[in-house]
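Have a look at the structure below, then the notes.
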Amino acid sequence: MLERFAELTTAHVADACLRAGVPVRTVSVTAVVGTKVAGRVLPAQHVGSVDVFLEAFESAAKGDVLVVDNGGRRDEACVGDLVALEAEAAGIAGIVIWGLHRDTVDITAIGLPVFSLGALPTGPLRLDPQPADALSTARIGEWPVTRADIVFADQDGAIFVPADRLDELLGLAESIRDTERRQAEEIRNGRSLRAQVSFRTFLEKRAADPSLTFRQHLRAVRGAIEE
């Protein structure tokens, strides 16, 4: 999975979801360390203490990605260098945080891929009750994710897809990537994108049928942009 994603982007996966009719569950997070990560979601809801992460690692499989739900809070960091180091020792492939991290210098030195909303020096100053589903579900943005999901993250953000649709979506993403690469090469060689997608023909057809959308036209000419 990670090998296939190495030649893709989250944008390709998002377009594949759109084409397959799968909800596009994406959030904007920033790469702190590394450029890409992919793996099964290992969810953890943070309530003020690192023990939820340690408990999550007890049931982790090699290659899982720790997905931390801290409610998108920007008043505390919830993951630091010790959590990153312990995650690496547990075989975790990376960490995606819906919240903030700290210890950036040390996390960078560890080298484990980490994605977050940003950095802040202070850790949590609270300790809330741990929900019963703290280790089974995480809410990232508006999206609930579970161990039945796969997460992909890169410099554009993170996207979550259902594991049982993985092969289909990666296949679509690869097809979209290949089409767009061909289109880009033709632009470089002097053939405009408008010519490639018969844009003038689309304008003529739309004048005759205002209900015609550009996406419908692209499907007819086997274009990949916007999907």
| task | Kindly indicate whether Ala109 is at pLDDT below 95, in a helix (DSSP H, G or I) and of a type in the set (A, V, I, L, M). | result | no
| query | Hey, does region 155-166 have a residue that's at pLDDT 95 or above, touching a Leu at 6+ places or on another chain (Cβ under 9 Å), in a strand (DSSP E or B) and surrounded by 13 or more Cβ atoms within 10 Å (Cβ to Cβ)? | reply | yes
| query | Since Val47 meets every condition but one in (1) of a type in the set (Val, Ile, Thr); (2) part of a loop (DSSP other than H, G, I, E, B); (3) over 20 Å from Leu127 (Cβ atoms), which condition does it not meet? | reply | (3)
| Among the residues of region 100-148, which ones are surrounded by 15 or more Cβ atoms within 10 Å (Cβ to Cβ), touching a strand residue (DSSP E or B) at 6+ places or on another chain (Cβ under 7 Å) and among the aliphatic types (A, V, I, L, M)? | Leu100, Ile107, Leu112, Val114, Leu117, Leu120, Ala134, Leu135, Ala138, Ile140, Val145
| field | Residue check, Asp156 among the acidic types (Asp, Glu) and under 30 Å from Leu100 (Cβ atoms) | value | yes
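Yes/no matrix, rows are residues, columns are (1) modelled with pLDDT of 95 or more; (2) within 20 Å of Ile107 (Cβ to Cβ):
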position: Glu3; (1), (2): no, no
position: Thr9; (1), (2): yes, no
position: His12; (1), (2): yes, no
position: Val50; (1), (2): yes, yes
position: Lys62; (1), (2): yes, no
| message | Cβ-Cβ distance below 7 Å, separation of 6 or more or different chains: which pairs start in region 130-145 with a residue that is closer than 13 Å to Glu55 by Cα and not assigned by TED's automatic domain parsing to the domain that holds Asp69 and end on one that is surrounded by fewer than 16 Cβ atoms within 10 Å (Cβ to Cβ) and hydrophobic (A, V, I, L, M, F, W, C)? | response | none
| task | Tell me, please, whether a residue that is closer than 27 Å to Pro129 by Cβ, of a type outside the set (Gly, Ala, Ser), in contact (Cβ under 8 Å) with a residue 12 or more places away in the chain and surrounded by fewer than 16 Cβ atoms within 10 Å (Cβ to Cβ) can be found in region 28-51. | result | no
| Within region 26-37, is there a residue that is over 17 Å from the mean Cα position of the chain (by Cα) and modelled with pLDDT of 95 or more? | no
| Pairs with Cβ under 8 Å, 6+ apart, first in region 1-27 and under 23 Å from Ala93 (Cα atoms), second surrounded by 21 or more Cβ atoms within 10 Å (Cβ to Cβ) and modelled with pLDDT under 95 | His12/Ile176
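The values are calculated or read from the model by the stated rules, or taken from the named source; none is laboratory data. The structure displayed is predicted, hence computed values, not measured ones. Every residue, glycine among them, receives a Cβ derived from its backbone with ideal geometry; neighbour counts consider all protein chains shown.
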